[in-house]
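*Asks:* This structure is in C-alpha cells; I'll ask about it shortly.
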Amino acid sequence: MKIQNPLLIFMILIFSLGCQQAPQNSKVNTSLEVESQVAALVSAMTLEEKVGQMTQLTIDVLTTGESALSSLEPIELDAEVMKQAFGKYKIGSVLNAANNRARSTEEWNEMVESIQSYALENSRLKIPLLYGLDMIHGASYVAGSTLFPQQIGMAATWNPQLLVKAGEITAYETRAAGVPWTFSPVLDLGVDPRWPRQWETFGEDPYLVSEMGKHLIKGLQGSENEISSPIHISACLKHYLGYSQTLSGKDRTPAWIPENKLREYHLPSFKAAVEAGAMTVMVNSGEINGLPVHANPALLTDLLKNELQFNGFVVSDWSDIEYLHTRHKIASTQKEAVKIAVNAGIDMSMVPYNFHFAGYLIELVNEGEVPMSRIDDAVTRILRVKYLMGLFDRPTTNRSDYPLFGSDEFAEASLKTAEESITLLKNTNQFLPLAKNTKILVGGPAANTLRPLNGGWSYSWQGNLVDEFASEFETFFEAIQSKASVANNVTLEEGVRYDEKADYKAELKDDFSAFSKKAENADVIVLCIGENSYTEKPGDLEDLYISDYQQELVATAYKTGKPVVLVLAEGRPRVISKIEPMAKAIIQTYLPGNFGGKALASILFGDVNPSGKLPYTYPRFPNSLEPYYIKHAEQLEIAGSPTGTQYNPQYHFGHGLSYSTFEYLSLETDKSSYKTSETIKLTVELRNNSSFDGKETLQIYSSDHFASLTPSVKRLRAFKKIMLKAEEKQTVTFEIPVRHLAFVALNNKWIVEKGDFTLSIAGLTAKISIENEAYFN
C-alpha cells in the first residue's frame, strides 16, 4: 500500500515548550536560545522517543519489497512498516537511496516529503526526521546532478578555492533533492595506496588534507556555517579516526598506531574540521591497537567530545555496532554490543536494517546498564543539530526552488576543477601537447566508458550505473575525437576491456593484432588504463601492479614503434614501473568525473596547461609504499643499488609538470632566529621562463635538523597556487607560525624544540633557528 504524498508542510512548534523559530543564516554555535529549546524538548520526551532519535534506518526498510535489503520498483512506502518505524519506534533518521541507485529530483522530493510528513504526523512532539546521503563528489545520488572529481582529484588541484565552489554546488543540488545532510568529507589520511578508499581522501599529508577539508566544508555549510540555509547542507566528517592505515592495506582491517602518531598525522584534519563548524562525525569501522573505534571511549568521548569540544553528534557507520558482536567479537550478544557502543560515545546508530537497536537500548536503560545521562547527552546532541539545520521550520525543500540545478554554470565549475586536477607526470622532450591534426589511436579499458572516470559513490555504491546515468557526457575517446581538428584522425581500439558482468578487477582481452593493425595508421597511441570503479571491501586487492592484460597492451603499443602516451584513470597509484619506460608522456587523471574526458582532451592538445600536483607519493614497487615524510633511516645509501637509496618512488609527493618552465629565483626569511610565539615570514621569487601562461603551486617544506624523536626528512608547512603569465616574474609571501613546526612527543603533547630548521622550496633553502622550547595545544 502506498502512502499518499501530502503537500510540503512548514511546521513551527507551538506546544507548551514555547520553542521559537531557529535563527536562519546563523553561525553554527550553541546559543542560549537553541540550548533552551533543546533542553525543554528533551525533558518532555519519553525514553522511547529519545531512543528513536538515536536510531537510523536505510530507506529500503521502509519500502515495499521482498526483504529489508531491497525495494520493489517503482518505489512505494510500506504503510505497515512506516507505522512501526515512526509510530512504535519513533525513528529519527533515514539514509541511503532505494535499491542503491540514483533518483531524479522529483522522485527524491516525493519520497523525502512523504517520509518527513509521516514522521511529523506521528511524532507527539513534532520532531522532524533527518535524511542523509553519501554526496561525496557532488550530489552523487541525484540523476542529472553536477559531479566533480573525486576527493583525491580535488586535492591534486592544490587549489582550496575550487573546493569551496564544489561544496556550494553539491549543497545546492543536494537540497534540490530535499536532503539536508551529506556523509562527506572523508578526512582520513590517504597514506596507503593498497587501501581501496584512498581515492576518497585528500591525500597523504595532514596539512593538505586539513586545508582541503576546511574549504569543502565552507562550501557545503556556508562561509558562516549557515546549515539552516536552504542552499547549504550539514557535513559529516569521516571516518574518525585512523581508518586508513591498516596493517594489511585492506578495508576495515586492524591498525596499530601509537597515540602520538595518531594525534600528529590522523587527528589534525578532524580537529580543523570541528573548529570549522562541522557538527556530525562518522566513526572508523575498524579497530586500532586491538579495540574497535566504535567501542573506544578514549577516542569518542575523551578526545573528540571533551578535548576537541565537539558538540555535535557521532553516528556509527553501516551495521558497525552489530559488528562488535559478529565481526570483532568483543561483545557476546547484540545487546551487549549496543551497551558498549553507546557508553563509548556513539550517539546515533546506522543500524540500518532492523529495529533491534532501539529495543535493546530501551532494555539496557531500564536495567541500569546505560545511564539516562548518556541517552540525554546523545539526544541533546542530535536535536541541537536538527535545530541548527532549521529542520523544525523547514523540514524539506523542493526542486522548483533550485533553477540552477544541473546548469551550465555548475558544469563549468566541475570542468575547471577537473582541468586543474589532472597531473602531467612525464613529458619526455616536451612531447605534449599534441597538434590537433595528429592521427591518434585511442585504446585501453578506460578509453570509452565513463565508469572509471567517476569511480564509486557515483549514482550507486560501486559506480556500476555510471554509463546508464551519464551517457550524455564524453568519454576520453569521444572527447579527444571532438577536440581534434579532423575527427576521423582519432580512432578507437580498446585492446582490453573491463568486464562489467564481473567484479571491478575482471578484464577481457581483445585481439591485439587488430590493435597493432590500426596503430599502423596512427602518429601517436593514447592508452587509457587504470582501474574500473570500486570502493570499500570490494576494492581490496592482492597486487598493486597494474593488471597483466594492461601491461601487455602497453608493451604491444610500444613494439609498434609509435610514441605512446599513458593516461591513468585510477583511484590509487597502481604500480607502472615495468611499463613507464615505454611511454613518452604519462598523465594522471585520478577519477575526474563526468567532465574528465573534456578536461583531458584540452590538456592533450594544449588548450589547457596542466597544473595538478600529486597529493600522494606514487610508488615504484609494491614493497616500497612509504609516504613522503620518511625518516632519515629510510633513505640510506645501498651499495650496488642502481638507485643509490632505499627511498625511490616513481614520482614524489607534490610532483606535477607543466607546459610552462618555472624558475625559482630566491627564498628569503625576514630573520634567521625566532621564538616559538612568533611567525616566520618568507618571500619566494619565481619566473615563468616560457611562452605558456601557467599555474604553479609553491610548496614550502621544513626539515628539523635534530629532535628528541627522530624527525621526518621534511614536512609540508604551506602552499599557494598562483598564475604566472609567459615571461612573468612574481614574489610570493608566506607566513608560517613557528608552532606549526611542532611534532607530538611521547607524552602525546605538541612541542616545538629549540634548534635549527631548514625551510625549502624547489631546491632553494633557508636555515633558521628556534630560540626556545614550548608546548602547544
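*Asks:* Using the Cα atoms of segment 66-124 to build a convex hull, what is its mean projected area in square nanometres? Could you put the intermediate results ahead of the total?
*Replies:* Numbers: hull surface 16.7 nm².
In nm², the orientation-averaged hull projection of segment 66-124 is 4.2.
*Asks:* Note the full-extension length gain between GLU520 and ARG124 as 0.36 nm times their separation in residues minus their Cα-Cα distance, in nm to one decimal.
*Replies:* 135.1 nm
*Asks:* Under 23 Å Cα-Cα from LYS714, which lysines qualify once same-chain neighbours fewer than 8 residues away are excluded?
*Replies:* Result set, ordered by chain and number: LYS261, LYS271, LYS613, LYS631, LYS671, LYS675, LYS681, LYS749, LYS754, LYS767.
*Asks:* Could you tell me the extents of segment 695-759's C-alpha atoms along the three principal axes, largest first, rounded to whole Å?
*Replies:* Principal axes ranked by extent give 50, 18, 15 Å for the Cα atoms.
*Asks:* What's the FRET efficiency of THR661 with GLU472 using the Cβ-Cβ distance as r and R₀ = 41 Å, to the nearest 0.05?
*Replies:* Numbers: r = 38 Å, r/R0 = 0.93.
About 0.60, to the nearest 0.05.
*Asks:* Right, another one. Which aspartates and glutamates, if any, have their Cα less than 15 Å from the Cα of LYS598, not counting same-chain residues under 8 positions apart?
*Replies:* List returned: ASP408, GLU412, GLU419, GLU420, GLU472, GLU474, GLU478, ASP607.
*Asks:* Also, I was wondering about something else. Express the accessible area of segment 249-354 per residue in Å², computed with a 1.4 Å probe while the remaining protein chains stay in the model. Walk me through the numbers before you get to the answer.
*Replies:* Numbers: 3260 Å² over 106 residues.
Averaged over the residues of segment 249-354, the accessible area is 31 Å².
*Asks:* OK, next. Suppose we keep just the DSSP beta bridges with both residues in the chain; what percent of those would be antiparallel, to 5?
*Replies:* On the way: 56 of 97 bridges.
In the chain, approximately 60 percent of DSSP beta bridges are antiparallel ones.
*Asks:* Please give me, ordered by residue number, the trypsin sites (Lys or Arg not before Pro) of segment 467-571 that lie in loop per DSSP and have at most 13 other Cβ atoms within 10 Å.
*Replies:* Working: sites: LYS483, ARG497, LYS501, LYS505, LYS509, LYS517, LYS518, LYS559; in loops: LYS501, LYS505.
For trypsin sites (Lys or Arg not before Pro) across segment 467-571 that sit outside H, G, I, E and B with at most 13 neighbouring Cβ atoms in 10 Å, the list reads LYS501.
*Asks:* Go through (i) 23; (ii) 16; (iii) 12 and flag the label whose value is the computed percent of Cα pairs over 53 Å apart for this structure.
*Replies:* (iii)
*Asks:* Express in % the proportion of alpha carbon pairs of segment 611-752 at distances exceeding 21 Å. Spell out each step's value before the answer.
*Replies:* On the way: 5662 of 10011 pairs.
Pairs farther apart than 21 Å: 57 percent.
*Asks:* For segment 238-314, just run the numbers: alpha carbon Rg, then divide by 2.2 N^0.38 Å, N being how many residues it has.
*Replies:* The value comes to 1.03.
*Asks:* Please give, to one decimal in nm, the separation of the simple spin-label points placed at GLU727 and ASP302, each 7 Å out from Cα toward the Cβ.
*Replies:* Between GLU727 and ASP302, the simple spin-label model gives 6.4 nm.
*Asks:* How far apart, in nm, are the 7 Å Cα→Cβ label points at ASP670 and ALA435?
*Replies:* Those two pseudo-labels are separated by 5.3 nm.
*Asks:* Could I ask something else about it? Between ASN772 and LYS329, what's the calculated FRET efficiency when r is the beta-carbon distance and R0 is 51 Å? Round to 0.05.
*Replies:* On the way: r = 50 Å, r/R0 = 0.97.
Calculated value: 0.55.
*Asks:* Compute the distance in nm between two label points, each set 7 Å from the Cα along the Cα-to-Cβ direction, one at SER407 and one at HIS356.
*Replies:* 4.8
*Asks:* Here's something else I'd like to know. How large is the accessible surface per residue of segment 560-717, computed with a 1.4 Å probe and reported in Å² as a whole number? Present the calculation step by step, with values, prior to reporting the outcome.
*Replies:* Details: 5790 Å² over 158 residues.
Accessible area per residue: 37 Å².
*Asks:* What's the percent breakdown of Cα-Cα distances in segment 413-493 across 10 Å bins, shortest bin first?
*Replies:* 16, 39, 36, 9, 0
*Asks:* Suppose every K and R has +1 on its Cβ and every D and E has -1 on its Cβ; what is the size of the dipole of segment 390-519 about the Cα centre, in Debye to the nearest 20?
*Replies:* Numbers: 14 positive and 20 negative charges, 110 e Å.
Here the size comes out at about 520 debye.
*Asks:* If I model segment 423-573 as equal point scatterers sitting on the Cα atoms and use the Debye formula, what is log10 I(q)/I(0) at q = 0.09, 0.18 Å⁻¹?
*Replies:* At q = 0.09, 0.18 Å⁻¹ the computed log10 ratios are -0.28, -1.10.
*Asks:* Leaving out ligands, DNA and RNA, what percent of the accessible area of the chain is carbon and sulfur, probe 1.4 Å? Walk me through the numbers on the way to the answer.
*Replies:* Numbers: 13690 of 27600 Å².
Carbon and sulfur: 50 percent of the exposed surface of the chain.
*Asks:* A further question on this structure: With the dipole of the chain worked out from charges on the C-beta (+1 for Lys and Arg, -1 for Asp and Glu) around the Cα centre, which of LEU764, SER547, THR63 lies farthest toward the positive end?
*Replies:* So the residue we want is LEU764.
*Asks:* Let me ask something additional. Taking the Cα centroid of segment 128-164 and of segment 350-366, what is the distance between the two, rounded to the nearest whole Å?
*Replies:* Computed from Cα coordinates, the inter-centre distance equals 32 Å.
*Asks:* Would you work out the charge dipole size for the chain about its Cα centre, treating the Cβ of every Lys and Arg as +1 and the Cβ of every Asp and Glu as -1, and quote it to the nearest 20 debye? Working shown, then result.
*Replies:* Details: 72 positive and 93 negative charges, 230 e Å.
Dipole of the chain, to the nearest 20 debye: 1100 debye.
*Asks:* Please report the spacing between the Cα centers of segment 26-93 and segment 429-457 in Å, no decimals.
*Replies:* Between the Cα centre of segment 26-93 and that of segment 429-457, the gap is 47 Å.
*Asks:* Pick out, from TYR243, ASN429, LEU187, the residue whose Cα sits farthest towards the positive end of the charge dipole of the chain, with +1 on the Cβ of Lys and Arg and -1 on the Cβ of Asp and Glu.
*Replies:* ASN429
*Asks:* Taking a threshold of 25 Å on the Cα-Cα distance, which of the pairs LYS386/LYS416; LYS214/LYS483; LYS90/LYS386 fall above it? Don't skip to the end; give the middle numbers.
*Replies:* Numbers: LYS386/LYS416 34 Å; LYS214/LYS483 36 Å; LYS90/LYS386 15 Å.
Violating the 25 Å Cα-Cα cut-off are LYS386/LYS416; LYS214/LYS483.
*Asks:* Another question, then. Lys/Arg Cβ at +1, Asp/Glu Cβ at -1, dipole of the chain taken about the Cα centre: which of SER104, ILE587, GLY530 is farthest positive-ward?
*Replies:* Going by the Cα projections, it comes out as ILE587.
*Asks:* Still on this structure, please answer the following. If you place +1 on the Cβ of every Lys and Arg, -1 on the Cβ of every Asp and Glu, and leave all else neutral, what size is the dipole of segment 565-654 about its Cα centre, to the nearest 20 Debye?
*Replies:* With only Lys, Arg, Asp and Glu charged at Cβ, the dipole is about 180 debye.
*Asks:* What relative contact order, as a whole-number percentage, does segment 172-246 give when Cα pairs under 8 Å and 6 or more residues apart are counted?
*Replies:* Details: 114 pairs, mean separation 32.9, N = 75.
With pairs under 8 Å counted, the relative contact order is 44 percent.
*Asks:* Below 27 Å, Cα to Cα, which lysines can LYS501 reach? Residues fewer than 8 away in the same chain don't count.
*Replies:* Answer for LYS501, where 27 Å is the Cα cut-off: LYS250, LYS509, LYS537, listed by chain and number.
*Asks:* Ok, one more. For segment 512-663, give the share of DSSP beta bridges that are antiparallel, in percent and rounded to the nearest 5; count only bridges with both residues there.
*Replies:* Details: 2 of 13 bridges.
Percent antiparallel among DSSP bridges in segment 512-663 is about 15.
The values are calculated or read from the model by the stated rules, or taken from the named source; none is laboratory data. The model shown is predicted, which means the values in this text are computed figures rather than measured ones. Heads up, the Cβs are rebuilt from the backbone with ideal geometry, glycines too, and the neighbour counts pull from every protein chain shown. The accessibility values were calculated without ligands, DNA or RNA, using every heavy atom of the protein model including side chains. Shrake-Rupley method; radii C 1.70, N 1.55, O 1.52, S 1.80 Å.
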